[in-house]
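Before any comments, here is the structure.
The values are calculated or read from the model by the stated rules, or taken from the named source; none is laboratory data. Quantities reported herein were computed from a predicted structural model and do not represent experimental measurements. Cβ: placed from backbone, ideal geometry, glycine included. Neighbour counts: every protein chain shown. The protein model used for the area step is the full one, side chains on, heavy atoms only, and it has no ligands, DNA or RNA in it. Shrake-Rupley method; radii C 1.70, N 1.55, O 1.52, S 1.80 Å.
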Amino acid sequence: MNTSKLFSEFRLNKYLTLKNRIVMAPLTRAFASDAFVPNSKAIDYYARRSDAGLIITEGTIISENARGQNNVPGIFTRDQINAWQKITDKVHHNKGLIFNQIWHVGRVSHPSFLNGQLPVSASNTVMTSRVKRSVNLYHGQARGMNLFEIKQIIDDYKTAAINAIKAGFDGIEIHGANGYLIDQFLHCCTNLRTDNYGGSPKNMARFVLEIIEACGQAIGFERVGLRLSPGGYLHEIVGESKDAEVFQYLLQQLNDYSAPIAYVHTGNFDDSRKFVELNNLSMSEFIRKYYSGVVIACGGYNFNTAIDAIENKKFDLIAFGRPFIANPDLIKRLSNNQELENYHDQMLQDLN
Ligand code: FNR
């Protein structure tokens, strides 16, 4: 039995205590129905992993227009809430905790998912890359939202948070990472606005802070986590030195909140990478430097590097992604020092 600090309890806040410091990272599996309802295999998939300290679900769309691919789950209809309820019940039955990651992709979409309409974003921009899981669809032009649309989408996040609590989730994670809608407001290359939502760190952080405020007021700030990618690395986000000021401002605002949120989580595939635009810090180093609350790091860690970082207080909790796909019994294997299965992309074909 391994006695590392990774297996010790962690009190996130007055409502939530994790049974260990290992988090299951959000992992899109695209196994929902055409109406975005998680299928029955997802119940066992999540239940099998419920000995993690906290499960964060796959990205879950807040409205039909929030998607950039088909068959991802949603949290905006009664059927979706009912299906999630079966999953949260099973995880709670196994004494696990589960947050729902709520998601709008913004420009990382295509008119074919949106009744022919252009994807929305912070500003008018063009993406050139291919749509994931498509043969020859390319993202293309996106359209900057007007103020009315911004308010509407903030409201959709709030409704999704309320629905997540109705479905029995212990909280939500706002997906502010990986080049999706919120991240498009936070980076200079995609936010070209000249109104109250662009042009300065304060304005660029306004959209996400309004979403946090709306969700926190609705379900309690202790039940709201946030995933961020301060370094630009995915979906054609090109980092600029001015980006660091936006994220510093945002993290400072979160420090000053009278009601602290649950955590900030790095959205990242490789946390050993240092970013020029973050003054040569990694994402977790940058967030730890400017944020005084709970930090979850993720991206390319193994058991030993995670133990080392947690023992040295580089962050508080570690999230594993691909290792959890390959090893439903990851926690047992780690605690018994058993060998792990290696992850392969073919594993995504089956919801095991
Ligand atoms: C991901 N990741 C991801 N991130 C996120 O915020 N929401 C999501 O829905 C997904 N979906 C997803 C699907 C698949 C198949 C992979 C491999 C990854 C990123 C994930 O949460 C994590 O950041 C990375 O996998 C890096 O962590 P590991 O795998 O190195 O531990």
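List of remarks:
- Alpha-carbon centroid distance for the pair segment 292-352 / segment 4-40, whole angstrom: 12
- Residue-normalised accessible area of segment 22-317, expressed per residue, 1.4 Å probe, Å²: 38
- Spin-label model distance (nm) - Lys332 vs Arg78, 7 Å beyond Cα toward Cβ: 3.9
- Rounded to the nearest 0.05, the FRET efficiency derived from the C-beta distance between Leu118 and Asn279 at R0 = 35 Å is 0.45.
- Taking a ≥ b ≥ c as the square roots of the eigenvalues of the Cα gyration tensor, segment 22-317 is classed as rounded, since a/c falls below 1.5.
- Calculated [θ] (222 nm, deg cm²/dmol) that DSSP helices of n ≥ 4 give over the chain, each run adding -39,500 (n - 2.57): -9000 deg cm²/dmol
- On the beta carbon distance between Ser134 and Ser241, with R0 = 25 Å, the FRET formula returns roughly 0.15.
- Across the accessible surface of the chain, with the other protein chains kept in place and a 1.4 Å probe, carbon and sulfur atoms take up 48 percent.
- Note on the chain: GNM, Cα springs under 10 Å; of Thr77, Thr194, Thr28, the largest mean-square fluctuation is that of Thr194.
- The mean sequence separation of alpha-carbon pairs under 8 Å and at least six residues apart, normalised by the residue count of the chain, gives a relative contact order of 16 percent.
- Separation of alpha-carbon centers, segment 164-190 and segment 115-163, rounded to whole Å: 13
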